[in-house]
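The values are calculated or read from the model by the stated rules, or taken from the named source; none is laboratory data. On a predicted model such as this, the values are computed, not experimentally measured, just so you know. Using ideal geometry, Cβ is built from the backbone for each residue, glycine included, and neighbour counts are taken over all protein chains shown.
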């Protein structure tokens, strides 16, 4: 008791009683506290998007890009010089001209005069030959006459020689007969020599006629070239010609593009082409590709401008002769036949538009026959692995062997069975064996 009195009377120890009271109160409340209920944490399934893998028929395809261009180009050049005196009213850039239609005409006056002169030269050459042939015919008749006269002179000489032996003629008469025979022989010889030269003269005159004929043909051809006709149906480009314009030979006046068939040259790497080659196709040469491989492919050409997309059916036409030196790709030329349409029908024009030159196109090459494959989305494969969900909805990382990748599909060669459930894309984080909630 005294201890407590001294304790309370000491100021330095005044803090001890309140502490002791506090401990007593805390002990009282702790002794009356109820035990809190405990809750066991359950594993939460993570939702992921899944797909069921099934065999599907797939036509292998590759995609490339290229610009459209006309199948034929014709540069209209003046083949003769002169002044243009007439042009087709439709001879303007962008207009369509039909095959056989008149384009323009150069003044033909000078060429008509030249043709007339050449024809006159030909007539003179022919007349000269005819005159030579007539002279040959006359000389042949004259030769026959001279030969007959020579025969008569020889018989006279023989008769005079017989008479001389009988002394019925004088020596002077006999010599005169001999002289007549010699002169007749000389006449025959002269005609024979003349006739022997006719063959070479006829050949010379015939050559002159051929030369005159060729000059007439040349003049006629130049005259024909003064009027230019459209060689095929096409669209005009870069027109630069007016009435009164003086043109020179080989001067380009405009271009004509044949747009009935449009060609698109697109390039593919050799690894891309392996996707659409048949079995053993890697052994094909360039020539055998054209014969065996290209006819087995289908081509779809897509031309887009903003939100407007047009699709055209094409056909592989040919391949380039070698790989591109820079990109090491092989060019494949696709042909698209432009459908004819009535431009006066606005609905038809919008429904069936022409594929224009210069259009940037997407080209898709595809095999005609489909093959059964086990394909998954390309996004499901990561570093040669994908994530499979088992029957307990547990996640497992599986290694797979890829055959090839075609666009957004990965073709599985081994490591996955049909009917398996896989994640459409790898989850983050991906924990082996974690519980997932499949969302199809």
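So which residues in the range 378-406 are under 26 Å from residue 59 (Cβ atoms) and touching a helix residue (DSSP H, G or I) at 6+ places or on another chain (Cβ under 8 Å), if there are any at all?
The answer is 386, 404, 405, 406.
What's the number of the condition residue 91 fails, among (1) assigned to a loop (DSSP other than H, G, I, E, B); (2) exposed (fewer than 13 other Cβ atoms within 10 Å of the Cβ)?
Against the list (1) assigned to a loop (DSSP other than H, G, I, E, B); (2) exposed (fewer than 13 other Cβ atoms within 10 Å of the Cβ), residue 91 comes up short only on (2).
Could you list, in sequence order, the residues of the range 387-411 that are assigned to a strand (DSSP E or B) and in contact (Cβ under 8 Å) with a residue 40 or more places away in the chain?
387, 389, 394, 395, 404, 406, 409, 411, listed by residue number.
Among the residues of the range 368-386, what is the count of those that are under 25 Å from residue 45 (Cβ atoms) and assigned to a loop (DSSP other than H, G, I, E, B)?
1
Going by the conditions given, is residue 351 surrounded by fewer than 12 Cβ atoms within 10 Å (Cβ to Cβ) and either modelled with pLDDT under 85 or over 27 Å from the mean Cα position of the chain (by Cα) (or both)?
Working: surrounded by fewer than 12 Cβ atoms within 10 Å (Cβ to Cβ): yes; either modelled with pLDDT under 85 or over 27 Å from the mean Cα position of the chain (by Cα) (or both): yes.
Spelling it out, residue 351 is indeed surrounded by fewer than 12 Cβ atoms within 10 Å (Cβ to Cβ) and either modelled with pLDDT under 85 or over 27 Å from the mean Cα position of the chain (by Cα) (or both).
Checking the condition in contact (Cβ under 8 Å) with a residue 40 or more places away in the chain, out of contact with any helix residue (DSSP H, G or I) (no Cβ under 6 Å at 6 or more places or on another chain) and loosely packed, with under 12 Cβ neighbours inside 10 Å, which residue from 429, 372 passes?
It is 372.
I'd like to know if the range 302-316 contains one or more residues that are modelled with pLDDT under 85 and touching a strand residue (DSSP E or B) at 6+ places or on another chain (Cβ under 7 Å).
No, the range 302-316 contains no residue that is modelled with pLDDT under 85 and touching a strand residue (DSSP E or B) at 6+ places or on another chain (Cβ under 7 Å).
Of the numbered conditions (1) under 51 Å from the mean Cα position of the chain (by Cα); (2) loosely packed, with under 15 Cβ neighbours inside 10 Å; (3) closer than 30 Å to residue 196 by Cα, residue 141 satisfies every one except a single condition; which is it?
Just one mismatch for residue 141, condition (1).
Looking at 97, 84, 106, 48, which is the one that is within 30 Å of residue 436 (Cα to Cα) and either buried (at least 16 other Cβ atoms within 10 Å of the Cβ) or in the same structural domain as residue 426 (by TED's automatic domain parsing) (or both)? Give the derivation first.
Details: 97 fails: within 30 Å of residue 436 (Cα to Cα); 84 fails: within 30 Å of residue 436 (Cα to Cα); 106 fails: within 30 Å of residue 436 (Cα to Cα).
Going through 97, 84, 106, 48 in turn, the sole match is 48.
Being part of a strand (DSSP E or B) and within 13 Å of residue 70 (Cβ to Cβ) is the filter here; which residues of the range 220-241 pass it?
If the condition is that a residue be part of a strand (DSSP E or B) and within 13 Å of residue 70 (Cβ to Cβ), then 234, 235, 236, 237 are the ones that fit.
Taking residue 131 and the conditions (1) at pLDDT 95 or above; (2) surrounded by fewer than 16 Cβ atoms within 10 Å (Cβ to Cβ), which numbered condition does it fall short on, given that it satisfies the others?
Of (1) at pLDDT 95 or above; (2) surrounded by fewer than 16 Cβ atoms within 10 Å (Cβ to Cβ), only one is false for residue 131: (1).
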